[in-house]
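Just below is one structure, and these are the notes that go with it.
The values are calculated or read from the model by the stated rules, or taken from the named source; none is laboratory data. None of these values were measured; they are calculated from a predicted model. Reconstructed Cβ throughout: ideal geometry from the backbone, glycine too, with neighbour counts over all protein chains shown. For accessibility, only protein heavy atoms count, side chains too; no ligands or nucleic acids. Shrake-Rupley method; radii C 1.70, N 1.55, O 1.52, S 1.80 Å.
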Amino acid sequence: GWVNVRWDHGEGNSYRVGANGKYDLMVVPDGTRNAPDVKVSFVVAGAGEAINGRYVLVDTQNGRPRYKLEQGQAVMFFQEKWKIAEREGAMGWLYQHAAATSSPPTGPWTVVGDDSGPPPLVFDESEDDILRSPEVGLRVRRGPDWDWQDQDDGGLGITVDIEARLGWVAVRWDHGVENKYRVGADGKYDLIVVGRSVSFEARAPSVASSSGALPVRVTGAGGVGGSVNGWFVQDGMLHGKPRYRQREGTAIIYFSGQWKINDEDDLGGWFYCHHDSAASYPPNGLWSTDGYTGRDADPAPAVRVYETDSYEPQVISELGVPIIGLRVARGPQWCWGDQDGNRLGMTVERGSATEGWVGVRWDNGAENNYRVGAENAYDLITVSPLRVSRAGGRGSQVNGRYVPTETFNGRPKFRQINGSGIIYYDSFWKINFHDDTGGWYYSHPLPNMVPPIGDWTTQGYGGEDADPAPMLMRSFDVGNLVKFVNLDEELWDACPMPKLSPSLGSAYSISSIQGEWFQDRSSRWGPLRAVELSHETAEPPVDWTPAGYDETWVSAEEAEKSKCPICFMVARNALAHECGELFCEDCWVKCQGEDSRCPVCRQEGHEVAPAYANRRAIQRLQIVCPNKCGQVLCLSDKEEHLRSKCGQRPIRCPDCDAEVAAGQLAEHQVRCRENWPVCELCGQRVKNLALHMALQAGDHLVRMVEGLASLREEVKDLRTQNKDLQTRLGKDGEPQDFF
């Protein structure tokens, strides 16, 4: 139970390795000497219950440290790559990371196979950051003072709201539960920060008005003014600026010489005010009690206008891992001059892009890395297609789908597909029926970085022949996977029946679209205004063929070279134009039906030709199986793979007719047959008992005759035993018949 050790500084001694139940030493990999890179423990979160938890260093394997789950059987080890297995000695492993680092890599790992649940996140405990003050948009996990059982389901969440109570913050966990937690209250800290999510939008969409106006929140008002705290939505205009009413109360926010807040619908008084008379909306920040004669309304509140009407959250990265293939433009924190050439770009993989950065290839050919969390800055915004509907009169020609094509006045400019309409920004957002930035039919006053979702107006157009004004929505296609980001009941008015019953973040595949409503594969309906495009891939319905190939590409950069500028997918049946662009054949035909000009160079009279070399190269591009079976294959092999080779392809169980994955059929049949009825005559489990009885009638008759003979022998024995009992009992009393 003891061992001798010579330390690197020359001294030596004996130490316990089991003596008296004590262990003085810890093994570190060969060659690490003082082992500055060897971490004693790691935390795994976001996977299943058998995997999540704290892993501690136990020994080495293949020259790397090996870790074991402190409260469980799972192990983390290195074998060509870093792996996590459910238990020691397991034949396989559930999760892996390709980095050959000296210690387990932190951040997201990948799933091996399809039965391992969500991918885990690995954290170095020494790098954890306790959340000590409320802040929204942070990715968090349970911290040192956690006392809330399994509210987090052992996973991650995002801070979504700052509570009125000092030292508390609201968290929405990834499995849907939401609650409040301590970040200083009572001297307790329930949360640890593990990253920053730039996909986060505050919960304001759930209180946004149907008119598309920005919601306002008031917090921190005290004394007699405490009743003004809460959410406010626009309720008309006053003196050329929005007037707001409290959603659950009587308070109002209005402009009359200066911005004011009153606790009731009375324009003659106020509790709080802000002197920025030039602000078009209630100014963000602390207000004052100036003008209110009493001293019983302290402290004054903080006001925040939530800019939630951007048509798509700015999903650039999650925990420092960039999302590749997004269409982007320069954002509000851009500080890189004209590197983008005032054009749009696409996020791409670049080896030089470190944590918090992402590569972008701009439409002018330039390429560089940009911040998506590094230095707490975000240089980019995402831009995606839009749809205009409901425009009437002379303006009806602006209805349709729009795609981003370039920038104008520092914001994306959108062009109508199969039309000449444009959406552009010049002092405010405008829609015109043709490519002329000198006029417009419709407008929206908000200075958002992207066109605001919701109802627009005819403000600024001199005529009265363009009513009604349109509504702007995100543009979706059949086959898109969308997720709910807004559960406001007002959005469901007039929704066709039957309706969906979604939770926040739940995803659905679109099978059909009618106006502002979509139908999922269960034939239930939901509002398009309440969803956003999910960055996961969805298998399109069988009867729908997308314009281009929408796959999970092994090399996003190679796929990017063959993308159609109309649908932004890899060109299907590629056609080449003289300007050098590739188009899907269907996209080109649809555009030419409305406008004979090239949708990119805008030149007429030029021909397109089948791009045979490009088509062959596209078919050779490697993709990941859309069924997530883990196979990598050429695009040309996809159809055969899905039809006959994919382990995740759906097939029918011959025993119960249930739909199961092909690779899981054998296991399913074992479970399936355990539920079959048991024949009482022969003891077999059978699928159809009536059919079995009919087919085995002869065998069953023999068994019944044999059983009857056996019963007769048993009866004969019992009668003999009964007679003996009667004889013995008769000696002491009256005989009794026991049988």
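Miscellaneous remarks
- The 3J(HN,Hα) values that the Karplus relation (6.51, -1.76, 1.60; θ = phi - 60°) gives for the stretch 568-576 are, in residue order, 6, 10, 5, 4, 9, 6, 4, 10, 10 Hz. Gly and Pro appear as x.
- Descending Cα extents along the principal axes, the stretch 638-677, whole Å: 41, 15, 9
- Percent accessible area from carbon and sulfur atoms, the chain, protein chains only, probe 1.4 Å: 47
- Candidate lysines - alpha carbon under 23 Å from Lys68, same-chain residues fewer than 8 apart omitted: Lys22, Lys39, Lys81, Lys83
- Applying 1/(1 + (r/R0)^6) with R0 = 56 Å to the Cβ-Cβ distance of Asp426 and Thr101 gives a FRET efficiency near 0.65.
- Modelled FRET efficiency - R0 35 Å, Glu490 with Lys180, Cβ distances, 0.05 increments: 0.85
- In this simple spin-label model, placing a label point 7 Å from the Cα along the Cα-to-Cβ direction at both Met237 and Arg671 gives a separation of 6.1 nm.
- Alpha carbon Rg of the stretch 340-471, scaled by the compact-globule rule 2.2 N^0.38 Å: 1.20
- Å² per residue, accessible surface of the chain at 1.4 Å: 51
- Label-to-label distance, nm, for residues given as Lys188 and Ala694 (7 Å Cα→Cβ offset): 6.7
- Distance between the stretch 353-417 and the stretch 653-702 - C-alpha centres, whole angstrom: 59
- In Hz, Karplus ³J(HN,Hα) per residue of the stretch 227-238 (6.51, -1.76, 1.60; θ = phi - 60°; x = Gly, Pro): 6, 7, 5, x, 8, 10, 10, 5, 9, x, 10, 8
- The lysines within cross-link reach of Lys413, meaning a Cα-to-Cα straight distance under 30 Å and a gap of 8 or more places when in the same chain, are Lys241, Lys430, Lys483, Lys561, Lys563, Lys590.
- Proportion of all alpha-carbon pairs of the chain beyond 53 Å (%): 29
- Amide H contacts under 5 Å for Val112: Tyr95, Gln96, restricted to partners 5 or more places along the chain or on a different chain, H placed in the peptide plane at 1.01 Å from N.
- Based on Cα atoms of the stretch 444-590, Rg over Rh with Rh as the Kirkwood radius reads 1.03.
- Estimated distance in nm for a label pair at Glu713 and Gln258, the labels positioned 7 Å out from Cα along Cα-to-Cβ: 10.9
- Taking 0.36 nm per residue of separation and subtracting the current Cα-Cα distance, fully stretching the chain between Arg295 and Asn342 would add 11.6 nm.
- For Arg247, residues with placed amide H under 5 Å, excluding near neighbours: Trp231, Phe232, Val233
- The slack in the chain from Met497 to Thr110, taken as 0.36 nm per residue of separation less the alpha-carbon distance, amounts to 135.3 nm.
- Annotation note: chymotrypsin sites (Phe, Trp or Tyr not before Pro) in the stretch 395-452 located in DSSP loop regions with a Cβ neighbour count of at most 14 within 10 Å are absent.
- Backbone amide hydrogens, once placed in the peptide plane, bring Leu380 within less than 5 Å of Gly331, excluding anything fewer than 5 places away on its chain.
- Once C-alpha pairs closer than 8 Å and six or more residues apart are averaged by separation and normalised to the residue number of the chain, the relative contact order reads 5 percent.
- Axis angle, to the nearest 10 degrees, between helix 697-730 and the longest C-alpha principal axis of the chain: 50 degrees.
- Cα shape, the stretch 664-734, gyration tensor, a/c 1.5 rule: prolate
- Taking Lys and Arg as +1 and Asp and Glu as -1, the other residues whose beta-carbon sits under 14 Å from that of Phe518 total +3.
- Estimated FRET transfer efficiency when R0 is 41 angstrom, pair Asn4-Arg87 (beta carbons, to 0.05): 0.75
- Full-extension gain in nm, Leu725 to Glu355, via 0.36 nm per residue minus C-alpha separation: 124.0 nm
- Charge sum, other residues only, whose C-beta stays under 14 Å from Leu575's C-beta, Lys/Arg counted +1 and Asp/Glu -1: -1
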